[in-house]
Structure formats: C-alpha cells, structure tokens
Amino acid sequence: MKKPVYVVDTSYLVEYYKVDGHYKENSHHQIWQRFDSAIKNKNSLYIPVPIIFELANHIAHVKDGNNRQKLAERFVSDIQNSLTKDSPFNLVPCQDFQSIEELAKNLVEFSSRYAKQGLGLTDTAVYLQAEQLFQSYKRLKNYSVHIWTRDEALKALEPDTEQNPFV
C-alpha cells in the first residue's frame, strides 16, 4: 500500500481551525479526524505559503475580536512550531512563484488554463505543489500524492486519486 502525502488547501484549514463563517461543525469533525489519522500515521502534510496568507486573511476577518485573537495566536503558534519543532505540517514556499520571471510565466498559465477551470491563484499554487511532489515521489513508487480540499475543481486535479475523499 502506498504511503499518502497531502497538500493542504485553505478550505481544509478553515474547517480544522473552525474559522467563523467558513466552517461547519460536521465538516470540522470529518477533517479533524483526517488530520488526526494522518498525524498518527506520520503522513507528510504540505502547506504552500500562499495558503498561509489566505488563511490569515480569513482569520483577520472574524467578527468576534476575542475569537479572532485566539485563532490568530493558535495559528501563529502552529506555524512557528512547524518551523522549529517536530510538526506534521511542512510549510513549503511556492517555488513556481519565487522569482518575477516564474511568477510572470505562471500568471500566463493561470489566465490561459487554470482560471478557465475555476481555479484561483492560490489553488494554482496548491496544484503546482502537488505536481512537484508527485514528480519527486513517483520514482519511489510507494507514495501517493493527494490534495486535501473542499474545492471539487481543485480536487479533480490531484495527481493520485484519493480513496474516500472528503470534498
């Protein structure tokens, strides 16, 4: 059986963190269980940096100031832990957007291909990260690369089809 590798989209993280206005309790429970299982199984969870920015924007718009602050502190703590401690989260820079030239090339690709499929620029970053991991892992043959997202258009582009996905 192949060991799964996951690239995590914002739609899973807003559920995971229970960001007001962006989560449903039953979805949170399903996604929390998936994270818990992945962590227990020592699966790799990759979070592209654009997802961090998008999630932070959602947290910043939480109306309840106390909840907004608690979410922000938990989020920052989790990000800091992922950089300094043994964490299941692997933050990855979006290599396809690291230089102005790469950004320009991928913006053209975004407008000519991905936007037509209903993908935003952050979704494009998730897809490109999944493809990069797929290329890296495919020679090992014992890994599968999945995208954890609630977005059906993005999920349809994952390199390996996940059994029993939660979209």
Residue by residue through the stretch 37-56, note down the ones that are touching a helix residue (DSSP H, G or I) at 6+ places or on another chain (Cβ under 9 Å) and more than 22 Å from Phe134 (Cα to Cα). Phe53, Glu54, Leu55, Ala56
The residue that is farthest from Val49 (Cα to Cα), considering only those in the stretch 106-151 that are assigned to a helix (DSSP H, G or I) and of a type in the set (Val, Ile, Thr), is Val108
When the stretch 133-167 is checked residue by residue, the ones that are over 26 Å from Asn26 (Cβ atoms) and of a type in the set (Phe, Trp, Tyr) are Phe134, Tyr137, Tyr143
State the number of residues belonging to the stretch 115-167 that are of a type in the set (Gly, Ala, Ser) and free of Cβ contacts under 8 Å to residues at least 12 places away in the same chain. 4
May I ask you to list the residues in the stretch 55-69 that are among the charged types (D, E, K, R) and surrounded by fewer than 14 Cβ atoms within 10 Å (Cβ to Cβ)? Lys63, Asp64
Quick check on Ile47: is it in a strand (DSSP E or B), closer than 20 Å to Leu13 by Cβ and either in contact with a His (Cβ under 7 Å, 6 or more places away or on another chain) or modelled with pLDDT of 90 or more (or both)? yes
Looking at the stretch 55-73, can you tell me whether even one residue there is closer than 22 Å to Val167 by Cβ and either in contact with a Phe, Trp or Tyr (Cβ under 6 Å, 6 or more places away or on another chain) or in a helix (DSSP H, G or I) (or both)? yes
Conditions first: (1) at pLDDT 90 or above; (2) in contact with an Asp or Glu (Cβ under 8 Å, 6 or more places away or on another chain); (3) among the polar types (S, T, N, Q). Asn106 passes all but one, so which condition is the exception? (1)
Matching residues in the stretch 73-90 - criterion: being among the aliphatic types (A, V, I, L, M) and loosely packed, with under 15 Cβ neighbours inside 10 Å: Val76, Leu83
Leu103 is checked against (1) part of a helix (DSSP H, G or I); (2) crowded, with 19+ Cβ neighbours inside 10 Å and fails just one. What number does that condition carry? (2)
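The values are calculated or read from the model by the stated rules, or taken from the named source; none is laboratory data. Bear in mind the structure is a predicted one, so any value in this text is a computation, not a measurement. All Cβ positions, glycine included, derive from the backbone under ideal geometry; neighbour counts span all protein chains shown.
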